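Structure first, commentary second.
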Amino acid sequence: MTAVRCVDLCKTYRQGDQDIKALDHVSVEIEEGGFVCLSAPSGGGKTTLLNAIGGLDIPDSGEVWVAEQRIDQMSKGELADLRLANIGFVFQAYNLIPVLTAQENVEFVMQVQGVPATQRREQSLAILEEVGLQGLEDRRPAEMSGGQQQRVAVARAIVSRPALVLADEPTANLDSKTADELMALFTELNRHHNTTFILATHDQRVMRYAKRLIRMLDGRIVDDIEQDAA
Amino acid sequence: MNIVLRLAWRNLWRQPRRTWLTTGAMVFSNVLLVFMISIQFGMYGLMIDNTLQIFTGHMQVQAKGFKDDQKMRQTVPDVIPLASRLREEFQTETIAARGMAFGLASSEKRSFGIGIYGVEPQFEPRVSSIPGLISDGRYLLDDDAAEIVIGSVLARNLRTSKGNELTLLGSGKDGSFAAAVVTIIGIFESGVPDIDRNIAHIPLRLFQDVFYMDGSGHQVVVMTSSLGDAERLHPDISAALPVDEDLVVHDWDALQPGLKQAIQADMSSAFFMYGILVILVAFSVLNTQLMSVLERTHEFGIVMSLGLKPGRLGRLVMLETAMMGAMGMILGAVLGAIFTYWFTVNGLSIPGMEEMAAMFNLPARIYPQVTVLSTITGPSVVFLFTLLAAVYPALRLHRLHPVEAMRVN
Ligand SMILES: Nc1ncnc2c1ncn2[C@@H]1O[C@H](COP(=O)(O)OP(=O)(O)OP(=O)(O)O)[C@@H](O)[C@H]1O
Ligand SMILES: [Mg+2]
């Protein structure tokens, strides 16, 4: 089954008197259980594409299909439900909720999904341990380093085992050891739970883990190769 | 605790000063409302009690139509046995029969038109405060003695005093000429000029003789321990009346429409002022919540991206407002009740109320009534309007676009 299918996506931003093509006729299909790295220089359109796939942003033209549903015509409420049930997001700027602790941030999505409290607690503690944050459960975002916040954001994205994880520069603030551990965790989820991963990155270390590497430039896909993951 | 509740609560305390200022506005207006409403209720209670106690009573049995057109011949037949039967049936002494006629009272020097009431000397003190307000002499004792008790202003107008004789002239039930000579045995002073000027009491049996009443009268007055009791008793009294006569039971508000109108007029002007107060508070809440929503645009973008629908986000804002409103409501009600309670003990005088006070026989000092109703009415209305004020900020969230919202810092 296809996890994600984009057909001829275009998205143009107007900056001053010039049009910026953030997405320029992008078509791509990603199988369920795929592990895809999206790489492009800064401004290449990675975030724009991830946002379109996640239904956060509506493209100017083209179609977006997620889990065999066309999402570019859905209402805000339908999109919210789709994200809640199917998609885990790691944003480029970690985007944690400032008044909630690390653990509460992780539990937030499960709470909205209606997962019972004990199960929430169990899962959130386990996932925080897996990303190496045991002991920091009660810290608020302002009391954590950038790398720690990023790991909370990752934990929040994967805790409820979404079928699709969209991660924008998930390792940007991590040292190579922590980054490797995180990628190992992703790889394991990908293998054992068949979770589809789409990661935007310029990090060479991250690209090594991917089974498929898509390169973009100025909103266009310029290269799309299968590779043996590390 | 539920994470949304937690989130709402913590959001409230991100800007403690702002939250306290808004809550403070609510508390202030709530204290004011509790105080004002308690005073109002206290005053209305006094107005009603004092007016009804003087002679109207809580209810009256009358012939149908008598209330609006007080004709001598619209009578309650066998009024004395009827009152006595009702007293027995309802196990109470606070029921008394009366007759009522307009007539001319003449002393040696002057004459005045007055209302002459025939009363049961034994029971009238239980339904009216007039017998207890005798300032000179005594009240009626004998059932049929040729005695009269008049108000102090009438005595002054007639240039007469206790011990002198008065001539009463009027027309009897059948329209014939009625006259009697009675001795003034007591002067009462209620403080209500209208009553002290216009009313005289004579024994009911004498009244029946003089006005050819043939055993009938015009009212059976019923006094109960409270307005609530009166309401409950009304249908039972109605049911106890003889079926073959055209008798009705009137409540105090039908008997004293002026009193009810005065209360209603006062209430509507008061509630207009309260309304303005409440609206001011609502706007301050609107301002606060709008600001707090705008400055959290980024965060709302995050939670929407995570899959929270705008509607639930709106509920979060409503919840925050409800929490703040609940604090204002509880603090305001408690502080208001404590503050007002002090005055229920010590009383207070309100400048500008003298006119109303004189009209309805009120004391110069007013003692507010702190009741559950007077304590919760104002604060709960403020609470409702607070919630209402948050609707607009909450609805605005539907326009939020997650990516754009997250871009805002
Ligand atoms: N809201 C916006 N308004 C105007 N231009 C935008 C907006 N969002 C993105 N762009 C432009 O669209 C292009 C693609 O942006 P995008 O964020 O997708 O790049 P990216 O590959 O994620 O870059 P980075 O690696 O720096 O995150 C850029 O030229 C950017 O300036
Ligand atoms: Mg980006």
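The values are calculated or read from the model by the stated rules, or taken from the named source; none is laboratory data. The shown structure was predicted, so the numbers you read here are calculated from the model rather than taken from an experiment. Methodologically, a virtual Cβ is constructed for each residue, glycine included, from the backbone with ideal geometry; neighbour enumeration extends over all protein chains shown.
What to note about this one:
- Odd one out for A:Ile53 among (1) within 12 Å of chain B (Cβ to nearest Cβ); (2) out of contact with any helix residue (DSSP H, G or I) (no Cβ under 9 Å at 6 or more places or on another chain); (3) crowded, with 19+ Cβ neighbours inside 10 Å: (1)
- Pairs where the first residue, in region B:135-154, is in the same structural domain as B:Asp209 (by TED's automatic domain parsing) and the second is aromatic (Phe, Trp, Tyr) and in a loop (DSSP other than H, G, I, E, B), C-beta under 8 Å, 6+ apart: B:Val149/B:Tyr139
- For A:Pro98: the one exception among (1) within 15 Å of ligand 1 (Cβ to nearest atom); (2) touching a residue at least 40 places away in the same chain (Cβ under 8 Å): (1)
- Tally of residues being more than 14 Å from chain B (Cβ to nearest Cβ), of a type in the set (A, V, I, L, M) and more than 16 Å from ligand 1 (Cβ to nearest atom) across region A:147-179: 2
- In region B:7-34, the residues that are in the same structural domain as B:Pro379 (by TED's automatic domain parsing) form Cβ pairs under 9 Å with partners that are among the basic types (Lys, Arg) and buried (at least 21 other Cβ atoms within 10 Å of the Cβ), at six or more places apart or across chains, as follows: B:Asn11/B:Arg296; B:Arg14/B:Arg296.
- Qualifying residue in region B:392-406 (condition: within 16 Å of ligand 1 (Cβ to nearest atom), at pLDDT below 80 and closer than 30 Å to A:Asn51 by Cα): no
- Within region A:75-106, considering residues that are part of a helix (DSSP H, G or I) and farther than 21 Å from B:Gly311 by Cβ, the one nearest to the other protein chains (Cβ to nearest Cβ): A:Glu104
- Scoring A:Trp65 on the criteria (1) more than 14 Å from chain B (Cβ to nearest Cβ); (2) touching a Ser or Thr at 6+ places or on another chain (Cβ under 9 Å); (3) within 12 Å of ligand 1 (Cβ to nearest atom); (4) closer than 20 Å to B:Val403 by Cβ leaves a single failure, condition (3).
- Qualifying residue in region A:79-97 (condition: surrounded by 17 or more Cβ atoms within 10 Å (Cβ to Cβ), at pLDDT 90 or above, in contact with a Cys (Cβ under 9 Å, 6 or more places away or on another chain) and more than 27 Å from B:Asn11 (Cβ to Cβ)): no
- Only one of the numbered conditions (1) at pLDDT 90 or above; (2) within 14 Å of chain B (Cβ to nearest Cβ) is violated by A:Ala3, and that is (2).
- Wholly within region B:175-294, helices (runs of 4 or more DSSP H) carrying at least 3 residues that are surrounded by fewer than 16 Cβ atoms within 10 Å (Cβ to Cβ) and in contact with a Ser or Thr (Cβ under 8 Å, 6 or more places away or on another chain): none
- For B:Lys162, the requirement of being in a loop (DSSP other than H, G, I, E, B), touching a Gly at 6+ places or on another chain (Cβ under 7 Å) and in the same structural domain as B:Phe66 (by TED's automatic domain parsing) is met.
- A:Ile71 surrounded by 14 or more Cβ atoms within 10 Å (Cβ to Cβ) and within 16 Å of ligand 1 (Cβ to nearest atom): no
For (1) more than 12 Å from chain A (Cβ to nearest Cβ); (2) touching a Leu at 6+ places or on another chain (Cβ under 7 Å), each residue gets a yes or a no:
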residue	(1), (2)
B:Ala282	yes, yes
B:Val285	yes, no
B:Met291	yes, no
B:Val303	no, yes
B:Gly307	no, yes
B:Pro310	no, yes
B:Met323	yes, yes
B:Ala326	yes, no
B:Ile330	yes, no
